[in-house]
Amino acid sequence: MKKTLMKKYAELIVRSGIALKKGQSVMIKANVDQEAFVAMVMDECYKAGAKHVHVHWLSEACHRVEVKKGKLSALKEVLPMEEGEQRWLTDDLPCLIWIDSDNPDASKGLDAKKMAEIRVAHYKKNAPFIEARSNRYQWCIAGAPSKAWAKKVFPEESPARAIEKLWEAILLTSRAIDGNGIENWKEHDRILKT
């Protein structure tokens, strides 16, 4: 995918997706396989006047090890840094960008009951923070292809071509394939209002 088109997509995410205002902070959640694209999004955040841009890295490989090897009782604990992050998200209300590149089969073979128990335990502990910021902050979920996701969607293609085709599909769906995503969304909004 052309770097200029990816940068325009990053700009769309920041300027229209979260509609970042000067002085706001941003939390970006992304898989570790998206480092180059996350750097583009961070750059756009700072160009738009972001105060802080924090990246919360996710790893499907590490998650698999944690669920398979970690003791349930320990995994259900909310550690101080998670509580601190929840407090910051609630007090500062940063904009949230989730760059989704998940492998559709990432949880295959993992104990679904164990994962559900972990999620419930963490939600119970974090619920006061989550509820306090509910509907009070800007957020955007944006796709970015990973090799596993691309091969799942385009299994007949080489890994490189599958990623290219998935980028094209994401940009087309996001109205950003022509590099004019911001203007395309403005026009879409105008049409919806008529």
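The values are calculated or read from the model by the stated rules, or taken from the named source; none is laboratory data. Since we're looking at a predicted model, the values are computed, not measured. Virtual Cβ from ideal backbone geometry, glycine too; neighbours counted across all protein chains shown. Side chains included, ligands, DNA and RNA excluded: accessible areas come from the protein's heavy atoms. Shrake-Rupley method; radii C 1.70, N 1.55, O 1.52, S 1.80 Å.
List of remarks:
- Against the test of being at pLDDT 95 or above, within 30 Å of ARG87 (Cα to Cα) and open to solvent by less than 50 Å² (accessible area, probe 1.4 Å), the options ALA144, ALA169, ALA162, ALA148 yield a single qualifying residue, ALA144.
- Going through (1) surrounded by 15 or more Cβ atoms within 10 Å (Cβ to Cβ); (2) over 16 Å from the mean Cα position of the chain (by Cα); (3) among the acidic types (Asp, Glu) one by one, GLU83 falls short only on (1).
- Within the range 110-119, not a single residue is more than 30 Å from GLY23 (Cα to Cα), under 17 Å from the mean Cα position of the chain (by Cα) and either open to solvent by 50 Å² or more (accessible area, probe 1.4 Å) or not aromatic (Phe, Trp, Tyr) (or both).
- Taking the criterion of being surrounded by 11 or more Cβ atoms within 10 Å (Cβ to Cβ) and in a helix (DSSP H, G or I), the residues of the range 129-140 that qualify are PHE129, ILE130, ALA132, ARG133.
- Matching residues, the range 1-57, being buried (at least 19 other Cβ atoms within 10 Å of the Cβ), in contact with a Gly (Cβ under 6 Å, 6 or more places away or on another chain) and either in a loop (DSSP other than H, G, I, E, B) or hydroxyl-bearing (Ser, Thr, Tyr) (or both): none
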